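Below is one structure, written out as structure tokens, with a few remarks after it.
Computed from the coordinates by the stated procedures, all read-outs in this text should not be read as laboratory data. Small disclaimer: the values here were computed from a predicted structure and weren't measured. All Cβ positions, glycine included, derive from the backbone under ideal geometry; neighbour counts span all protein chains shown.
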Amino acid sequence: MPAMDMKALKRQAGEYAAGFIESGMVIGLGTGSTAIFATHHIARRLRSGDLRDIVAVPTSLATEAAAIELGIPLTSLAEHARIDITIDGADEVDPDFNVIKGGGGAHLREKIVAQVTERLVIVVDDSKLSEQLGTTWAVPVEVIPFSWESQAAYLRSLGAAPVLRLAGEGAFQTDQGNIILDCNFGPIAEPAALARLLESRAGIVEHGLFIGMARDVVVAGRGGLRHLRKS
């Protein structure tokens with residue numbers, strides 16, 4: 001698909017999801033190439049007066065910088081322990097609304113925000129839909145830099161092919177100063193069980209499997225928009 005067509009699809013999904021936000025809400029601002037369109041549309045609604053009295057929690061330093069530039073009022077989870085709605089992207093989505101996130105390296109902060117969100121809305125283009133997680137995307141696993149090779153060995157013991165994510169001439173660093181191992185497990189038969197195994201290991205800070213968190217998935221494709229809701 002041409003790059004311009006893909007960008008238009010992402011814009012449609014992000015702007016549609018931004019329409020779910022109502023005045024007075026506490027919102028989560030996702031990270032990535034689709035979620036940023038929602039952030040821009042939220043800012044336009046604020047400027048027009050269509051939206052008032054919202055505050056937002058950004059899920060990355062990049063999203064925080066964009067929100068400040070756009071004039072979106074920010075807050076923190078210390079000030080607001082619950083979030084009404086978060087709009088975020090995903091790298092892969094299965095039929096049960098489980099997702100893989102972390103292509104941009106922000107999945108730790110994204111999950112912290114998601115777990116205190118009443119309504120997590122995932123916005124994607126239709127290339128991100130998959131019958132089984134792991135079919136088209138590796139699972140990003142954030143680990144501390146100390147002895148990261150031992151985490152790579154553990155991940156291999158679980159059947160993964162971990163690859164250290166690079167940026168320039170060195171390892172990619174997350175906003176927390178950690179590194180990421182992109183782990184190709186192939187199609188994952190039991191993503192919830194895999195998530196538990198990853199969470200049990202010291203040195204693994206977070207993984208990109210978001211299990212049972214999303215309530216809505218907005219999908220943009222050549223045939224138009226689809227709004228999928230969890231029953």
Any idea what angle helix 61-70 forms with the longest principal axis of the chain, computed on alpha-carbon atoms, 0 to 90 degrees, nearest 10?
-> 10 degrees
Please state the charge dipole magnitude for the range 139-204, taken about the Cα centre, from unit charges on C-beta atoms (+1 on K and R, -1 on D and E), reported in debye and rounded to the nearest 20.
-> 180 debye
Loop sites only, by DSSP: take the GluC sites (Glu not before Pro) in the chain that have at most 11 other C-beta atoms within 10 Å and name the longest stretch containing none of them.
-> 1-78
Pairs of Cα atoms under 8 Å, at least six residues apart: use those to get the relative contact order of the range 139-204, whole percent.
-> 42 percent
In terms of Cα to Cα distance under 17 Å, which lysines are near enough to Lys111, apart from those fewer than 8 places away along the same chain?
-> Lys101
Mean residue ellipticity at 222 nm from the helices of the chain, using -39,500 (n - 2.57) per DSSP H segment of n ≥ 4 over the full residue count, to the nearest 500 deg cm²/dmol?
-> -9000 deg cm²/dmol
At the level of C-alpha centres, the distance separating the range 43-109 and the range 4-36, in angstrom, is 9 Å
The chain pair-distance distribution - Cα-Cα, 5 Å bins, rounded % = 1, 7, 15, 18, 19, 16, 12, 7, 3, 1, 0
Using only the Cα atoms of the range 74-157, build the gyration tensor, take square roots of its eigenvalues as a ≥ b ≥ c, and label the shape rounded, prolate or oblate: rounded if a/c is under 1.5, else prolate if a/b is larger than b/c, else oblate.
-> oblate
For the chain, modelled as a Gaussian network with Cα springs under 10 Å, which listed residue fluctuates most, Phe185, Phe97, Phe20?
-> Phe20
